[in-house]
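Visitor: Structure incoming, see below.
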Amino acid sequence: MKKFSFLLLVLVIGIYASHVSVANPSKKVLKALIIDGQNNHEQWPKITYMMKRYLEETGKFTVDVQRTYYTWNGGDLEAKYPIKGLPATQSLPKPKMDSAYHPDFFKYDVVICNFGWNAAPWSDGTQADFEKYINNGGGLVVVHAADNSFPMWPAYNRMIGLGGWGDRTEKDGPFVYYDKEGKLVRDTSPGRAGSHGAQKEFLITVRNSKHPITKGMPLNWMHSKDEMYDRLRGPAENMEVLATAFSPKDNRGTDRHEPMLMTIKQGKGRIFHTPLGHVDYSVECVGFIISLQRGAQWAATGKVDIPIPADFPTETAVSQRKFVE
């Protein structure tokens, strides 16, 4: 009887351990892909390089980069921050479609988009595969100007939830923001999407402290000097605003609380979207780094076990990690 009980206990422990290994995201090294190339922001090669390192230093990701052959605004920084294994690219005065640009999205747990308003359209086949990847459960992270891209691609607009520039107007969906009374507003009034004032430090307010990405963050924390996107609008379907920042009128703002961290569900896919991250000192913010790491893990797995570090920003103080090249 004792022998039987012991064997039963071993079996139960084995089943439990097997269950934990599947459920716990830390047990699997996730495969991430950063896609970049056509971006009106000069520092995009460096920011790709930085994000790659930030994800890899968690020990939870391996990161590849797929860069379109025809780049925009790469210049000297592309040479200064090379990605091993990428072929040389051709910088163009205007973006051009690379018909051969067709990453194998299905090899990856999560894709991170780092491009800008002038990203040339992908081929029909690449678009179709990306839509299938997301709908079948792929993860996506949208960073800063990637929410300016592909205004004529309906599925991409649904993936990002909200976008700016690219002739987006009321035809593309409502403005979404929190008003001063703390109410979430879907504003269908006419107007072009996308604007920002001068770069500055600003306060992030967490709106859902129970979501895996924001759980454990201070309810208010200071973000490094950055562009604060406002007047974003789009389909906003299956979208949740996790955090906002107030856009003041004295900085050409909207006088309302604009989305800074968002999640979107599309099909079986999970998307994390942040308009933060204009230049290197913006990306050095510990708040940005941790949001990126946790957002990517959540998009890939639906769970987060990356901790909030002791040097996370507070309500009154910015915290940065100087990027050492």
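The values are calculated or read from the model by the stated rules, or taken from the named source; none is laboratory data. What you are looking at is a predicted structure, and each value in this text was computed from that prediction instead of being measured. As a convention, Cβ positions derive from the backbone with ideal geometry for all residues, glycine included, and neighbour counts pool all protein chains shown.
Visitor: Mind checking which residues of region 284-318 are touching a helix residue (DSSP H, G or I) at 6+ places or on another chain (Cβ under 6 Å) and free of Cβ contacts under 8 Å to residues at least 60 places away in the same chain?
Guide: ASP311
Visitor: On to the next question. What residue, among those in region 307-325 that are in contact with a Ser or Thr (Cβ under 7 Å, 6 or more places away or on another chain) and under 22 Å from THR244 (Cβ atoms), is surrounded by the most Cβ atoms within 10 Å (Cβ to Cβ)?
Guide: PRO313
Visitor: Is it the case that SER149 is surrounded by fewer than 15 Cβ atoms within 10 Å (Cβ to Cβ) and among the hydroxyl-bearing types (Ser, Thr, Tyr)? Give the derivation first.
Guide: Values: surrounded by fewer than 15 Cβ atoms within 10 Å (Cβ to Cβ): no; among the hydroxyl-bearing types (Ser, Thr, Tyr): yes.
Answer is no for this residue.
Visitor: On the basis of being over 9 Å from the mean Cα position of the chain (by Cα) and farther than 15 Å from GLU237 by Cα, does SER282 make the cut?
Guide: Taking the combined requirement at face value, the residue satisfies it.
Visitor: Would you please name the residue that is surrounded by the fewest Cβ atoms within 10 Å (Cβ to Cβ), looking only at residues in region 231-255 that are more than 15 Å from LYS180 (Cα to Cα) and charged (D, E, K, R)?
Guide: ASP250
Visitor: Only residues in region 21-32 that are closer than 13 Å to LYS303 by Cβ count as the first member; pair them with residues that are modelled with pLDDT of 95 or more and assigned to a strand (DSSP E or B), Cβ under 9 angstrom, at least 6 apart or cross-chain, and list the lot.
Guide: LEU30/PHE61; LEU30/THR62; LEU30/VAL110; LEU30/GLY139
Visitor: Further question on the same structure: Does region 106-126 contain any residue that is part of a helix (DSSP H, G or I), at pLDDT 95 or above and either crowded, with 18+ Cβ neighbours inside 10 Å or among the β-branched types (Val, Ile, Thr) (or both)?
Guide: Yes, some residue in region 106-126 is part of a helix (DSSP H, G or I), at pLDDT 95 or above and either crowded, with 18+ Cβ neighbours inside 10 Å or among the β-branched types (Val, Ile, Thr) (or both).
Visitor: Can LEU162 be described as buried (at least 16 other Cβ atoms within 10 Å of the Cβ), touching a residue at least 60 places away in the same chain (Cβ under 8 Å) and in contact with an Asp or Glu (Cβ under 9 Å, 6 or more places away or on another chain)?
Guide: yes
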